[in-house]
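Asker: Below you'll find the structure I mean.
The values are calculated or read from the model by the stated rules, or taken from the named source; none is laboratory data. Predicted model only: the values in this text are computed from it and were never measured. Positions of Cβ are generated from backbone atoms using ideal geometry, with glycine treated the same way; all protein chains shown enter the neighbour counts. With ligands, DNA and RNA removed, areas are computed over all heavy atoms of the protein, side chains included. Shrake-Rupley method; radii C 1.70, N 1.55, O 1.52, S 1.80 Å.
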Number of protein chains: 2
Amino acid sequence: MTSDGTVEVDAGTLVERVAALFVGAGLSASAARTVATALVDAELDGVASHGIAMVEMYLDRLRKGSVSRRETAEVVSDRGIAVVLDAGHAFGHLTGRQAIGIAVDKAKQLGAGIVAVRHGFHFGVARHYANVAAAAGCIGIVMCNTRPLMPAPGGAERVVGNNPIAIALPSADGPPLALDMAMSEAAMGKIRLLEKSGRPIPPTWATRADGSPTTDPREAIAGMLLPAAGPKGFGLAFMIDLMCGLLSGGAWGEAVKPLYGDAAEPYDCAHLFIAIDVGHFGDPETFRRDAALAGERVRGSARAPGVDQVFTPGEIEWRRRQASGGRVRLPASVAATLDRLSDQMNAGDGRAIA
Amino acid sequence: MTSDGTVEVDAGTLVERVAALFVGAGLSASAARTVATALVDAELDGVASHGIAMVEMYLDRLRKGSVSRRETAEVVSDRGIAVVLDAGHAFGHLTGRQAIGIAVDKAKQLGAGIVAVRHGFHFGVARHYANVAAAAGCIGIVMCNTRPLMPAPGGAERVVGNNPIAIALPSADGPPLALDMAMSEAAMGKIRLLEKSGRPIPPTWATRADGSPTTDPREAIAGMLLPAAGPKGFGLAFMIDLMCGLLSGGAWGEAVKPLYGDAAEPYDCAHLFIAIDVGHFGDPETFRRDAALAGERVRGSARAPGVDQVFTPGEIEWRRRQASGGRVRLPASVAATLDRLSDQMNAGDGRAIA
């Protein structure tokens, strides 16, 4: 353990440890490795909210049957560029890879592919799927819905999730150009940090339980997150919920369940994967070169007083991964949970992780 | 003239008056009517920024040649669902109708159509094109780029436009579900209103010229607009700029010129029109019914203290149009400009508009 209470571990070793847990819970070796790699990749990106801390909930859901041991989604329909998949509550990390692959194949044939997935489970970091499309010369656009978390502007009741969208562009060099954003103004984690330090939150972040605005983080935690930029974030979240849920013939609104709720009840979200082949529109090398130039233009732009660096979308996560040296730092509590799970499931050799 | 200094005029009469001006400037009767109708529709929606106040600038650009008298865009390429058009600096209201029509046709054949337009001019309200797709049973997604207006978060230099996106869904009944948003946190018009009333602006709206945040509306007006929700609005604006500019082989970044700049210099924006046929994914009536239900769910949700109504995206504009009774209220200065233009160009009979 390091002096800051974290445990540092080699990413490859961590993938093995986590994959063994999923094999112990009944996944095939290759599927287990895919899920484990996705979780470790999130850690390397510095997106711990989508990383190793999810393993226990994932295993609990597998054991209780709300996540299935299926490793591929079933093709419900395939018409032109439009494909509908039924994931049957399989890991989104598995069906997501399958779905973006189909979308890219369609895009290479017809210019675009759109794959809607129903009865899905959590797929981790949306950006990763968009990046798969970008690496194949396509614009990748990936969305999913979550259970309702936010009111409409002026509302006092949760009606829409903070449904994320990711967009990645093919680019010649430099950091990948890959946006990944949820539709709330701020993450609950930021509000909890300000609560701990006794500071107020901006009035645009959250409401009290009755929908009235608050700058008190305690009231916000008992209340609701607000959409990013008010009606803008709300409108996008509303559209993403319905594009995912209705194109897939799957769940939307309250039919999507809490991720950390009853582990026996399927999460039942819906995903949407769009790939657009830039080569169907023009010269793909020109696209990649100009996209890279646009990124350089932003990164090289003049900075406000006190600002060291201006970033392109996705650059911060890319820099964190570059700087990680393939090492992941886990909070001691997360590492201990992993040890306990290893012991319980007799997966791997039960050794302490560090 | 009414007591509040506005001039009320029948929408049909106004279309005739404005169309006559464009005929006088060399457009065909049908093209002139399309452009005039789009401007009057914006007024009926209460979106005066995209309405009659633009007529003088449009005519000036026509006369100086930076807007062409072409009435259709040229098809540059057509591969699968991917179509590239060259608008040749024709009115975006004309080439936009053409483009969304092609996108819908492709969508009906193959599930989606994506039409990228280069060398475009202002197309007015993006939502109107998305609504055309929705009325045809397609999800409509419409974007365009503008000249750089906003810095990246932490930046002190304009690098990206407030590039709007519109998304409309087919819906069985009730107000159309149609989002239309620009990527700045607030419109410059709102900042000017607060300046007039001597009130501060929230610190997330704008920066001073050096990129530092300000709550002083005068400093903001001399500075830069900030992206909606910081990196989120910036990231979307960046992606929209490149999706429009690079898929069309057209302009992006600083190659797009100021709309109210040198009237002899083409505006040269790029547009992107996406239609997704919901019938390729499942039963279109189920989609339309569930979309309408989702809208009702939001409109009927509990309200925060002091809030009379909760709106779905696009509902406010729809309600304004319903309430207009087909009458447009123009500021007296705008009506007077129209009279002057009529006199100057000998279009129509030169009568005062009211």
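Asker: Once each part is reduced to its C-alpha centroid, what is the distance from segment B:141-171 to segment A:101-133 in angstrom?
Answerer: Result: 24 Å between the Cα centres.
Asker: Summing both sides, how much accessible area is buried between B and A? Use a 1.4 Å probe and give Å² to the nearest 100.
Answerer: 5900
Asker: Along Cα-to-Cβ, 7 Å out, sits the label point; list in nm, shortest first, how far the one on A:Gly174 is from those in the other copies.
Answerer: Listed shortest first, these distances are 4.3 nm.
Asker: So for each of B:137-148, A:297-308 I average, over its residues, the number of other beta carbons within 10 Å; can you give me the resulting order with the highest mean first?
Answerer: Ranked by mean Cβ neighbours within 10 Å, highest first: B:137-148, A:297-308.
Asker: The protein assembly as shown: percent of C-alpha pairs farther apart than 44 Å?
Answerer: 22
Asker: Taking only DSSP H segments of four or more residues, each worth -39500 (n - 2.57), what value at 222 nm results for chain A once the sum is divided by all its residues, to the nearest 500 deg cm²/dmol?
Answerer: -12500 deg cm²/dmol
Asker: Net charge near B:Ala222, counting Lys/Arg +1 and Asp/Glu -1 over other residues with Cβ under 14 Å of its Cβ?
Answerer: Its environment carries a net charge of 0.
Asker: Please name the residues of segment B:180-225 whose accessible area, counted over protein heavy atoms with a 1.4 angstrom probe, falls by no less than 20 Å² between the chain alone and the full protein assembly.
Answerer: Relative to the lone chain, where solvent access is computed with a 1.4 Å probe, segment B:180-225 loses at least 20 Å² at B:Met181, B:Glu185, B:Asp210.
Asker: Mind checking which chain A residue has its Cβ closest to the axis relating A to B, and how many whole Å off it is?
Answerer: A:Ala229, 2
Asker: Let me ask another. How many Å² of accessible area per residue for the protein assembly as shown, probe 1.4 Å?
Answerer: 37
Asker: With θ set to phi - 60°, apply the Karplus curve 6.51 cos²θ - 1.76 cosθ + 1.60 along segment A:101-117 and write out the HN-Hα couplings as whole Hz, x wherever there is a Gly or Pro.
Answerer: Ordered by residue, 3J(HN,Hα) equals x, 5, 4, 5, 4, 4, 4, 5, 7, 10, x, 8, x, 10, 10, 9, 10 Hz.
Asker: To continue, here is another question. For chain A, what is the convex hull volume of its Cα atoms per residue in Å³? Mind showing how you got there, number by number?
Answerer: Numbers: hull volume 52.2 nm³, N = 354.
Cα-based convex hull of chain A, divided per residue, equals 148 Å³.
Asker: Hey, can you list the residues from segment B:263-292 whose accessible area shrinks by 30 Å² or more with all protein chains present, relative to the chain by itself (probe 1.4 Å, no ligands or nucleic acids)?
Answerer: B:Ile276, B:His280, B:Phe281, B:Phe287, B:Asp290
Asker: Take the alpha carbon atoms of segment A:174-200, find their center, do the same for segment A:275-297, and report the distance between the two centers in whole angstrom.
Answerer: 30
Asker: What does the net charge come to around B:Lys257 if you take all other residues with beta carbon closer than 12 Å to its beta carbon, with K and R at +1 and D and E at -1?
Answerer: With Lys, Arg at +1 and Asp, Glu at -1, the net is -2.
Asker: Distance from a point 7 Å along Cα→Cβ of B:Ala336 to each backbone N in segment B:1-44: keep the residues under 16 Å and list them by number.
Answerer: B:1-8
Asker: Something else about it: Put the label 7 Å from Cα along Cα→Cβ for A:Ala222; what are its distances to the other copies, in nanometres, shortest first?
Answerer: In ascending order, 4.6 nm.
Asker: Next question. Could you list, in their original order, any pairs among A:Lys64/A:Lys257; B:Lys232/B:Lys257; B:Lys64/B:Lys257; A:Lys106/B:Lys108; A:Lys190/B:Lys232; A:Lys232/B:Lys190 whose Cα atoms are separated by more than 20 Å?
Answerer: Beyond 20 Å between Cα atoms: B:Lys232/B:Lys257.
Asker: Which ³J(HN,Hα) values in Hz, rounded to whole numbers, follow from the phi angles of segment B:207-218 under the Karplus curve 6.51 cos²θ - 1.76 cosθ + 1.60, where θ = phi - 60° and Gly and Pro get x?
Answerer: 3J(HN,Hα) across segment B:207-218, in whole Hz: 10, 5, 4, 8, x, 7, x, 9, 10, 8, x, 5.
Asker: Treating the point 7 Å from Cα along Cα-beta-carbon as the label, what are the nm separations from A:Arg289 to the other copies, to one decimal?
Answerer: Values, ascending and in nm: 5.4.
Asker: Can I ask one more? So what's the net charge close to B:Ala38: Lys and Arg +1, Asp and Glu -1, counting the other residues with Cβ under 13 Å from its Cβ? Could you put the intermediate results ahead of the total?
Answerer: Details: positive: B:Arg33, B:Arg97, B:Arg127; negative: B:Asp41, B:Glu43, B:Asp45.
Net charge around B:Ala38: 0.
Asker: What are the residues whose amide H is under 5 Å from the amide H of A:Arg303, where those residues sit 5 or more places off or on another chain and H is modelled from the backbone?
Answerer: B:Ala156
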